[in-house]
Amino acid sequence: MYREKVQHILNWPPPRNLKALQSFLGFANFYRHFIKNHSKKISSLTSFLKKDSCLPLNEEALIQFHQLKEAFTTAPVLSHFNPSLPTIVETDAYNYSLGTVLSQVSDSGKNPIAFNSRKLIPAELNYEIHYKELLGIVWALKCWRAFLLSLSSPFEVLTNHSSLQMFLLAIKPAGLNSSLNFTSQSLTALTS
């Protein structure tokens, strides 16, 4: 992005009251699909929306505020979705959030199509990590369902949690008419 076009974002002062924080978070949420790990990047800021929290922001929240502003100005260039290209769904689960990236492989390499992330709800925070990772996969497939259903070839789901391989071997996911093939950190869902 051109620096002069994003100068207003770079000059955005740290929120000093609840209304200013809500305004910034509203702006940030509007562009959440363009920022990788958006929910993780705003977790400290959203904690100030709770009833008993008070402003000004602490040091961790200020760091996230400035990192988020920088993410707006250095966002990766997203590609248009092409149903004929090989497609990859990447997922990751963190302590407090889930993240997913929809990418496609073309002659120029792997290109991001869209990002999505969300905070875990209180009940999900208690899940063991392999359940969080599985939740991340299910959620990602729901997020990108419209894209994935339009594909003419298999797509790949990448996760960094190897214990899911054994976990998924024990169950047959409902709704899949095909098999799941595992490689060292990925599974391929055949959609035919």
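Taking amide H positions as modeled 1.01 Å from N, with prolines and chain starts lacking one, the residues under 5 Å from SER79 and 5 or more places away or on another chain are ILE113. What pairs in LYS19/LYS41; LYS69/LYS142; LYS40/LYS69; LYS69/LYS132 have C-alpha atoms more than 25 Å from each other? In this structure, LYS69/LYS142; LYS69/LYS132 exceed 25 Å between Cα atoms. Each Lys or Arg adds one and each Asp or Glu subtracts one; over the other residues with Cβ under 12 Å from the Cβ of LEU98, this totals +1.
By the scheme Lys and Arg +1, Asp and Glu -1, what is the net charge of all other residues having a beta-carbon under 14 Å from that of ILE63? Combined, the nearby Lys, Arg, Asp and Glu give 0. By the count of neighbouring beta-carbon atoms within 10 Å, fewest first, SER84, SER43 end up ordered SER84, SER43. Between ILE63 and ALA123, the modelled label-to-label distance comes to 3.3 nm, taking each label 7 Å out from Cα in the direction of the beta carbon.
The local environment of HIS38, defined by Cβ-Cβ distances under 15 Å, has a net charge of +4 under the rule Lys, Arg +1 and Asp, Glu -1. Based on the convex hull around the alpha carbon atoms, region 3-73 presents an average projected area of 4.5 nm². May I ask you to derive the FRET efficiency for ASN82 and VAL6 from their Cβ-Cβ distance with R0 = 30 Å, giving the value to the nearest 0.05? About 0.60, to the nearest 0.05.
The numbers here are math on the coordinates, done by the rules we state, and not lab data. Since the model is a prediction, treat every value here as computed from it, not as a measurement. Cβ sites come from the backbone with ideal geometry, for glycine too, and all protein chains shown count toward neighbours.
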